[in-house]
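Heads up, the thing below is written out as structure tokens.
Each reported figure results from applying straightforward, stated rules to the coordinates on display, with no laboratory input. Model, not experiment: these values are computed from the prediction. Every residue, glycine among them, receives a Cβ derived from its backbone with ideal geometry; neighbour counts consider all protein chains shown.
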Amino acid sequence: MQEQLDWRDSVLALIPALRAFAWSLSHNSSDADDLVQDSLIKAWTHRDKFEPGTNLRAWLFTILRNTYYTNAVRRRREVRDETGKYAAALTSPATQDWNVAMRSLQAALAQLPDEHREALILVGAAGLTYEEAALVCGCALGTIKSRVNRARAKLLKIMDADVAADTFAGDIPSATAIAK
């Protein structure tokens, strides 16, 4: 217990010197105070790593210096934007249209018979050849071609009906583009 009190008193005695060093780095009283505070928090958090009998002053100054340079690197990556011009220029494209189109496609796929949906997904989405899809499904090559053809035709019919009924029809990709 006495050892902790001695350590704390030694640290408190060094605060004016730490503050002076912090001011010499930052040239701003407020920033210097913040720097000293951050450094003391780090020192207190990691006080178990300080080896008694070594130079406490050097240890604290090293923490302060490293904290300053870490903050400086972080500040270099930040963009000053007091007026908000930079933030106002940042935009991200709307994703609702694609979400609507994706939900519509999923709903249309769900209306297909299982073997047609499976064939269409294997050939259209997974990129398998007709021959590979036939092997996966355990059927003839002509059967897969027929299933994919029927699935595309039915999907086009379903999607065209959905797109025509949708109020966002001008913004959603055509059913032909989605099905192919």
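Assorted remarks:
- Values of log10 I(q)/I(0), in the order q = 0.22 Å⁻¹, for the stretch 2-80 under a Debye, Cα-only, solvent-free model: -1.00
- Only one residue of 146, 110, 99 has its Cα farthest out toward the positive end of the dipole of the chain, where Lys and Arg carry +1 and Asp and Glu -1 on Cβ, and that residue is 146.
- Sites count as exposed loop sites when they are GluC sites (Glu not before Pro), lie in a DSSP loop, and have at most 12 other Cβ atoms within 10 angstrom; the longest stretch of the chain without one is 83-180.
- Here residue 154 is the anchor, and the aspartates and glutamates within straight C-alpha reach of less than 20 Å, apart from those fewer than 8 places off in the same chain, are 114, 115, 118, 162, 166.
- Fewest-first ranking of 152, 147, using other Cβ atoms within 10 Å as the exposure measure: 152, 147
- Put simply, the convex hull of the Cα atoms in the chain casts, on average, a shadow of 21.2 nm².
- Extension gain, residue 99 to residue 74, is 5.4 nm, computed as 0.36 nm per intervening residue step minus the present C-alpha separation.
- For the chain, the membrane-span-like helices by this rule, meaning whole DSSP H stretches whose C-alpha atoms cover at least 18 Å of axis and whose Kyte-Doolittle mean is -0.5 or above, are 2-26, 29-45, 96-111, 141-165; this says nothing about an actual membrane.
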